[in-house]
1. As a test of the definition: which semi-axes, in Å, follow for region 62-150 when you take the square root of five times each eigenvalue of its alpha carbon gyration tensor? Largest first, please.
2. With a 10 Å Cβ neighbour count serving as the proxy for reagent exposure, in which order, fewest first, do SER115, SER81 appear?
3. In debye, nearest 20: dipole of region 62-150 around its Cα centre with unit charges on the Cβ of K, R (+) and D, E (-)?
Amino acid sequence: MIMRRKPVALVLGALIASTACSAPAEGESGAPQPVSQPAPASASPTTSPPANGGETSDATASSATRCGWFENPTPGNAWLSDRDRTWIVGTQGGHQADGDWPAFGDDQWIVTNGSSYGYGCACMSVRADADNGHVLRIDDARALPLSRCRADPALEEPRF
């Protein structure tokens with residue numbers, strides 16, 4: 001299933017504080033680890049301009065790998081909820097992060113609206129503005145098995 005971005009309206013309620021997290025690399029064995037474990041520090045954060053036309057400064061933007069529930073309930077509306085915060089990826093007529101969303105397989109995506117809108121578990125390497133909770137750019141995104149987010153007690157599965 002390929003996720004497509006289209007502008008759509010969205011009003012989000014209160015947002016919570018932020019955190020970085022990571023998932024084990026492909027091929028790792030052993031017991032499943034929560035997806036909300038802290039990620040290793042990146043070698044060098046990027047410093048290119050924000051994707052939102054200058055709504056933030058480099059002083060407030062940071063690079064991190066964030067893992068949790070990726071939700072796309074309607075066209076263009078998307079966010080990633082990790083253990084401490086909801087990160088806005090896109091809203092109708094407003095902010096849209098640069099970069100590609102995770103590509104989910106049918107077994108990695110819960111359909112909640114129509115034939116393609118819903119949610120899945122993902123890790124995304126992003127540049128984000130922590131002050132307003134916007135993902136500015138997605139450098140890498142990968143879908144994870146639903147069981148990874150469901151096994152993490154720090155993550156609450158979306159309810160539609």
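1. Numbers: eigenvalues 75, 46, 23 Å².
So the equivalent ellipsoid measures 19, 15, 11 Å along its semi-axes.
2. Ascending number of Cβ neighbours within 10 Å: SER115, SER81.
3. Working: 8 positive and 11 negative charges, 42 e Å.
Its charge dipole is roughly 200 debye.
Throughout, read-outs are computed from the coordinates displayed, never taken from laboratory work. Bear in mind that the values here come from a model prediction, so they are computed numbers and not experimental data. Neighbour counts run over all protein chains shown; Cβ positions are idealised from the backbone, glycine included.
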